[in-house]
1. Look at segment B:264-278 and say how many of its residues are closer than 15 Å to B:Arg121 by Cα and free of Cβ contacts under 8 Å to residues at least 60 places away in the same chain.
2. Would you pick out the residues in segment B:78-107 that are more than 17 Å from B:Ala32 (Cβ to Cβ) and of a type in the set (Val, Ile, Thr)?
3. Go through (1) without any contact (Cβ under 8 Å) to a residue 12 or more places away in the chain; (2) farther than 28 Å from B:Leu17 by Cβ for A:Gly21 and report which single condition fails.
4. Let me confirm something: among A:Ala230, A:Ala210, A:Ala245, which residue is outside the structural domain of A:Glu117 (by TED's automatic domain parsing), within 24 Å of A:Arg187 (Cβ to Cβ) and touching an Asp or Glu at 6+ places or on another chain (Cβ under 6 Å)?
5. Consider B:Val201 carefully, then state whether it is of a type in the set (Val, Ile, Thr) and closer than 30 Å to A:Glu15 by Cα.
6. Of the residues in segment A:163-218, how many are under 13 Å from A:Ile279 (Cβ atoms), touching a residue at least 40 places away in the same chain (Cβ under 8 Å) and out of contact with any Lys or Arg (no Cβ under 7 Å at 6 or more places or on another chain)?
7. Kindly indicate whether B:Tyr203 is under 28 Å from B:Arg159 (Cα atoms) and part of a helix (DSSP H, G or I).
8. Mind checking which helices (runs of 4 or more DSSP H) fall wholly inside segment A:1-107 and carry at least 2 residues that are surrounded by 17 or more Cβ atoms within 10 Å (Cβ to Cβ)?
Protein chains: 2
Amino acid sequence: MNIVSDPRVMQREAEKLRLAGKRLAVVPTMGALHEGHCTLLREARKHADCVIVTVFVNPAQFGEGEDFARYPRDLPADTARAAEAGADLLFSPDAAAMYGDGYQTFVTVEQVAKPLEGALRPIHFRGVATVVAKLFHLTKPHVAVFGQKDAQQVVVISRMVKDLDFDCELIIVPTVRESDGLARSSRNVYLTPAQRKEAPVLYASLKGAADAVANGERSAAPLTAAIRAAITSRTSGTIDYVSVADGDTLRELAALEHGQHILVSLAVKFGTTRLIDNIPLTVA
Amino acid sequence: MNIVSDPRVMQREAEKLRLAGKRLAVVPTMGALHEGHCTLLREARKHADCVIVTVFVNPAQFGEGEDFARYPRDLPADTARAAEAGADLLFSPDAAAMYGDGYQTFVTVEQVAKPLEGALRPIHFRGVATVVAKLFHLTKPHVAVFGQKDAQQVVVISRMVKDLDFDCELIIVPTVRESDGLARSSRNVYLTPAQRKEAPVLYASLKGAADAVANGERSAAPLTAAIRAAITSRTSGTIDYVSVADGDTLRELAALEHGQHILVSLAVKFGTTRLIDNIPLTVA
């Protein structure tokens, strides 16, 4: 596996590969690679001759008081994992190379970045959209692979790709879960053993909502109420939000319509560790 | 000359040309092509196998009350001019294809977009940066050619290209002028004969400032005072601004330093017609 840290070297390499007729896939990550990321890399492999994984803890997407400084970093472990999962190239720039002196350009996706995670993290998706635009320019992918785990990120990036005419196909991979249902996340390592035991309730409550919709429920209120009740009664977590929203616009819904794509999502804090999860549904 | 209006067709064509090893240049315009644009096209020719001219009156860069509706449009004339100046492909999308339903993504360049034109036109450069990002994604240029006439636009786009890692070289072409010094502009057609006679004072006053700097003037205040005095005494125009700024950051300067790149610029209104002009200098 080729390892590149210089953005200009990355860009030249990507251009060379494209000119040679290779199909390129990129999997943008912040490192701390786990089985979820490896699943993205294996999916990328199916769509490309060359799989590029980017490892960059992006300062622009962390607000003040968030966990930028303590976000887990372990490049040797990431390198081993990425190679094992079949990546051909690992691009790991440093922050100074990505955001140099006088840096001042940002990509903003407006409405879909505002609710849910955006309501609590006002600059988060600006940082995400900006770094993904930069990474797309540097790695020149035909295909980019993201996980459904970060559902709003998927909506924001899909909107950016469409609006800014990026010539890149997005592939969204279903959330990879532990055997008890907990979504894989680099932040799970922060959970205490007691919190770790409670955390599967998040997914169980989302599945409860999905089952209710499958059984004919067409109002959002009982769905969010049931999720809230499950989390409140069965965990020590504090709910940030529970949402039933349109899957494309992320507008909160009251009633569900036949054929509609919806996103049921939540964020819950266990102590200082914040977990998110979601289920995308089509109303049958 | 190939004429394309569909963005997806443009993008496929650009990709095909790149894969064939062609070097592509783009010259983004809002149409109403005049000798200034033709100079850009001829410059582009020197750097590329395929010269793409885009003709798009971009609604996103016009504020309320600006001249979007009355901006001159004449595609048949533009087509003839572009072909004559050696363009290989004219890309002329319509606004609905560029800004479809639910459009909500914008590229913002911060500090350098705020003074001068940006102070009077708060969303202008957001619109410019956004449409140039889109046009770069659609036309996939190796080289893009802009005119020095829109000096702040050059600074904004240079900053965007650097910050967002666009793999595109910018070439800036000196302002093309009438024989009496007036900068060529699509908006010159709005001038009355009397205004047209006064308008060359703008460039003459800028040249006066350049001469003063060449002769050792190192303070900005006398430069702007002399420009203001010339325009006020010799024209019926109303001054929007006269500026002596750092050429990269566009911060207004008090003192000039040896070796510094500076931009002397102005905007003057003749009735409802607003003219801009500038001279970039290196302090000798």
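1. 1
2. Initial filter on segment B:78-107 (more than 17 Å from B:Ala32 (Cβ to Cβ)): B:86, B:88-89, B:96-107.
Correct list: B:Thr105, B:Val107.
3. Among (1) without any contact (Cβ under 8 Å) to a residue 12 or more places away in the chain; (2) farther than 28 Å from B:Leu17 by Cβ, A:Gly21 violates only (2).
4. Values: A:Ala230 fails: touching an Asp or Glu at 6+ places or on another chain (Cβ under 6 Å); A:Ala210 fails: touching an Asp or Glu at 6+ places or on another chain (Cβ under 6 Å).
Unique residue meeting the criteria: A:Ala245.
5. Numbers: of a type in the set (Val, Ile, Thr): yes; closer than 30 Å to A:Glu15 by Cα: no.
The answer is no for B:Val201.
6. First pass over segment A:163-218, keeping only residues under 13 Å from A:Ile279 (Cβ atoms): A:174-175, A:177, A:181, A:183, A:202-214.
Filter once more, keeping what is touching a residue at least 40 places away in the same chain (Cβ under 8 Å): A:175, A:183, A:202-203, A:205-207, A:209-210, A:213-214.
Next, from what is left, pick out any that are out of contact with any Lys or Arg (no Cβ under 7 Å at 6 or more places or on another chain): A:202, A:205-207, A:209-210, A:213-214.
The total comes to 8.
7. Values: under 28 Å from B:Arg159 (Cα atoms): yes; part of a helix (DSSP H, G or I): yes.
Taking the combined requirement at face value, the residue satisfies it.
8. A:7-19, A:35-47, A:75-84
The values are calculated or read from the model by the stated rules, or taken from the named source; none is laboratory data. Because the structure is a prediction, the values reported are computed rather than measured. All Cβ positions, glycine included, derive from the backbone under ideal geometry; neighbour counts span all protein chains shown.
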